[in-house]
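Since the structure comes first, as structure tokens, the remarks are kept for the end.
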Amino acid sequence: SGESGAGKTESTKLLLQHIMNLCKGNSQLEQQILQVNPLLEAFGNAQTVMNDNSSRFGKYIQLRFQKNTVQGAKLSEYLLEKSRVVQQDAGERNFHIFYYMFAGLSSEEKEMYGLLDPSLYRYISGRFGTHDVAQHWKHKYEEVCNALDMVGFQEQEQVDMQSILSGVLSLGNVTFEPEESNGSVKVSEASQEWLKAAAVNVNVLSQLVCCVPYSSWSPSVSCCFPLCADARDSIAKVAYGRVFGWIVCKINELLAENVDPEVELREIGILDIFGFENFAVNRFEQFCINLANEQLQHFFNHHIFQLEQAAYKEEELPWETITFNNNEAVLNLLLAKPLGLLSLLDEQSAFPQATDKTFVDKLNSSFKGNLHFQPGRGHVLGFSIIHYAGKVQYTARGFLERNRDTLPANVRGLFINSITPLLSSLKSCRGVGKQFSLRGIAHWTLAVLWLSGLLIFLCPHQHSLMMLMERMYSANPHFVRCIKPNSQKKPGVVDSQVVLQQLRYNGLLETIRIRRDGFSWRPSFEEFAER
């Protein structure tokens, strides 16, 4: 765990290499486990203002052992930030793979996929890079192609994948205009070519993005423009999410253990999930990410402070209680039923007439006087949460729409009837690599069994996320705390104030104290008696 850019993903790779070196087992499997990283990073990572290679998804890697030898592995991915496909803030980029394609594909291949100059595409904000950066991306594209071959993607599957990614970019350039004859909305004449580049069946796709059902709160043509744009963006996000899930699926087929099912395997699991974020503009995605980090901090506190000191008390050892920054009050604010922030968000999302403003008004009235909540100042539609890692101001615009995260039925039908096998398969292969909306992270926190007795609430739709947290609580956890040395993304520079701030809010100063004053060696009674 750690802030965005603190080195979690790099530490995970080093840890994997270290474990593989200790095992000295199936060398081919070990190399395959290490070589899938370029693929995951190309499709799941992106540049943010805090980190040039930021993981925009969470991954849980399970290494399965028999007699101290790795026999197989499984990757579970959670909460891919699909909204990044259609929108990035200033100083940020889309997922790496789009830039790698432009740098690595030949002119003939670009023509085959219908790719033009990268500056023309809205989904990558018209930004590309310098010559040196493009050369680096070209090298990365070659790594991705090698990884795709190694994982077992057939040539036609790779063509399909890149066709989908190219189509996603073209779809982002589709715009709309009023239909004068009947007052409806149609694809603009200026973007007809983009529509053709994005779709196999232009008529079907054109109807889907334009024929958005009217509702009581969108009676006018002017209101239909954003609805059409939402439908367009929904298709792009689902298509990209499907590609990512497909990649995870193929990786798991490659790494699956080939042993007798009756044989009991031991396991080491590594959780690498996005770090705490505080940008100039913080949206629903940052709220969800920071909420997950609140949960991880609570999990850390529970094991390091509560269980540790309870053991000393049970053994009747002389012990002066060490206090720590308990974040249960923040989690109560966010998760309590029925008046926590998430409950109010779900309540507002269920009302068609509700808006982001009515949601903020509800928060301001419900949490007046709460020490961990602050209303937005002036005309800003937003609010602030005092997290364990500090105050974060969130803009509320888009909260309801992203929390609903609905896919129109006609858009769903488009995927079912697609002639591309990848898109027509709505269920992930063999039940792995399931796609979860970012809203899911909110329900993940609700699905967690809080051992402190604060709350027990299970969300059936996020069962696998609940299972992940249950597994963490039932296992023997080790915590790797990654500390960010500076905020300028520079190597070899240590900003002592930046480091100290992280040591404080992570509870590491208190952790050092409890480790120093506590008991480091804990033999079982049997071990003690035997000695």
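What length, rounded to one decimal in nm, is gained on full extension from D117 through to S11, with 0.36 nm per residue of separation minus their alpha-carbon distance?
34.5 nm
Tell me, what ³J(HN,Hα) does each residue in the stretch 191-197 have, in order and in whole Hz, if you take phi through Karplus 6.51 cos²θ - 1.76 cosθ + 1.60 with θ = phi - 60° and put x for Gly and Pro?
Coupling constants for the stretch 191-197: 10, 4, 5, 5, 5, 5, 5 Hz.
Can you tell me the accessible area per residue over the stretch 5-91, all protein chains present, probe 1.4 angstrom, in square angstrom?
Working: 3200 Å² over 87 residues.
With all protein chains present, the stretch 5-91 gives 37 Å² per residue.
Hey, can you rank 129-135, 367-373 by average C-beta count inside 10 Å, highest first? Display every interim value, and only then the final one.
Numbers: 129-135: 11.4, 367-373: 13.9.
Result, highest mean first: 367-373, 129-135.
Amide H neighbours of S384 under 5 Å, at least 5 residues apart or on other chains, H built in the peptide plane: list them.
Q374, G376, Y394
For N45, enumerate residues with amide H under 5 Å from its amide H, sequence gap 5+ or separate chain, H modeled in the peptide plane.
HN-HN under 5 Å from N45: R56, H96.
Through the Karplus equation 6.51 cos²θ - 1.76 cosθ + 1.60, θ set to phi - 60°, convert the phi angles of the stretch 49-58 into ³J(HN,Hα) values in whole Hz; use x for Gly and Pro.
The phi angles translate into 5, 9, 6, 6, 9, 7, 5, 9, 7, x Hz.
Just order 385-395, 304-314, 38-48, 353-363 by mean Cβ neighbour count inside 10 Å, highest at the front, would you? Walk me through the numbers before you get to the answer.
Values: 385-395: 18.4, 304-314: 14.7, 38-48: 22.0, 353-363: 16.5.
Ranking, from highest mean packing down: 38-48, 385-395, 353-363, 304-314.
Leaving ligands and nucleic acids out of the surface, order S107, S119, S166 by accessible area at 1.4 Å, largest first.
From most accessible down to least: S107, S119, S166.
For E257, which sequence-distant residues (separation of 5 or more, or a different chain) have an amide H within less than 5 Å of its own amide H, given hydrogens modelled in the peptide plane?
A73
What is the distance in Å between the Cα centroid of the stretch 103-146 and that of the stretch 303-333?
52 Å
Highest mean first, how do 57-63, 374-380 rank when packing is the count of other Cβ atoms within 10 Å averaged over residues? Provide the component values of the computation, followed by the final result.
Details: 57-63: 20.1, 374-380: 11.4.
Descending packing order for the listed peptides: 57-63, 374-380.
Could you state the number of Å between the C-alpha centres of the stretch 1-39 and the stretch 362-393?
39 Å
Starting from the Cα-Cα distance between L34 and E320, subtract it from 0.36 nm times their residue separation and give me the gain in nm to one decimal. Write out the running numbers ahead of the final one.
Working: separation 286, 0.36 × 286 = 102.96 nm, distance 4.53 nm.
Full extension from L34 to E320 adds 98.4 nm.
Using a ≥ b ≥ c from the Cα gyration tensor of the stretch 267-370 (square roots of the eigenvalues), is it rounded, prolate or oblate, where a/c under 1.5 gives rounded and otherwise the larger of a/b and b/c decides, a/b for prolate? Kindly include the intermediate steps, with their values, before the conclusion.
On the way: a/c = 2.80, a/b = 1.91, b/c = 1.47.
Here the stretch 267-370 falls in the prolate category.
The values are calculated or read from the model by the stated rules, or taken from the named source; none is laboratory data. All of these numbers come straight from a predicted model, not from anything done at the bench. Glycine also receives a Cβ, built like all others from the backbone with ideal geometry; neighbour counts cover every protein chain displayed. Each accessible area value is taken on the protein alone, full model and side chains, heavy atoms only, with ligands, DNA and RNA left out. Shrake-Rupley method; radii C 1.70, N 1.55, O 1.52, S 1.80 Å.
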